[in-house]
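What follows is calculated from the coordinates using simple rules that are stated; it is not laboratory data. Since this is a predicted model, take the numbers as computed values, not measurements. Here the Cβ is made from the backbone with ideal geometry for all residues, glycine too, and neighbour counts use every protein chain on show.
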Amino acid sequence: MPVCNLSFPARSTDALAQWLAVRYAAAAHALAAAEASPEKEWRRLREFCGDIVELRRGDHSAERLRLEREWLALDRANTDQAREKLFWEWVKRPDVREKLFPNQRGGLSRATIEKIERELKLV
């Protein structure tokens with residue numbers, strides 16, 4: 001017998017879980033109506049209860065995973081913003097600027113000023 005190895009998208013498994021819950025409810029209702037003995041009815045309902053607990057546990061796990069992913073995405077975004085802010089504060093430090101731009105002096109060089117004056121015919 002071939003084994004079907006399908007991986008359902010999250011929405012497909014949600015729909016399947018809903019369908020299964022409805023089927024369990026219908027089956028429990030039908031069994032309750034068919035059982036003559038209240039003890040047998042309760043025993044059957046307890047059997048269903050275990051399956052329903054597992055189904056709900058899966059729902060809760062999926063929701064917990066979704067929330068954890070949202071928190072992780074938010075945390076990453078906040079971390080990136082904080083890192084960028086810290087970077088720009090770091091770049092403003094004079095000792096760091098000296099390392100990043102070792103040949104840069106304050107203002108224009110004398111040669112650059114003379115070139116500008118010649119080009120503008122100020123001299």
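Could you grab the Rg to Rh ratio for the chain? Cα atoms only, Kirkwood for Rh.
1.58
Hey, if you put +1 on the Cβ of every Lys and Arg and -1 on every Asp and Glu Cβ in the chain, which of Thr13, Ala27, Trp90 ends up farthest toward the positive end of that dipole?
Trp90
Which aspartates and glutamates, on any chain, are close to Lys85 with Cα under 16 Å apart, when same-chain ones fewer than 8 places away are left out?
Asp75
Treating cross-link reach as a plain straight distance, find the aspartates and glutamates whose alpha-carbon is under 20 Å from the alpha-carbon of Lys99, omitting any fewer than eight places away in the same chain.
Glu84, Glu89
Roughly how many debye, to the nearest 20, is the charge dipole of the chain about its Cα centre, given +1 on each Lys and Arg Cβ, -1 on each Asp and Glu Cβ, and no other charges?
So the dipole magnitude of the chain works out to roughly 760 debye.
Compute the angle between helix 110-119 and the longest alpha-carbon principal axis of the chain, please, reported from 0 to 90 degrees and rounded to the nearest 10.
That works out to roughly 80 degrees.
Under a point-charge model restricted to the Cβ atoms of Lys and Arg (+1) and Asp and Glu (-1), what is the dipole moment magnitude of segment 72-123 relative to its Cα centre, in debye to the nearest 20?
Approximately 200 debye in magnitude.
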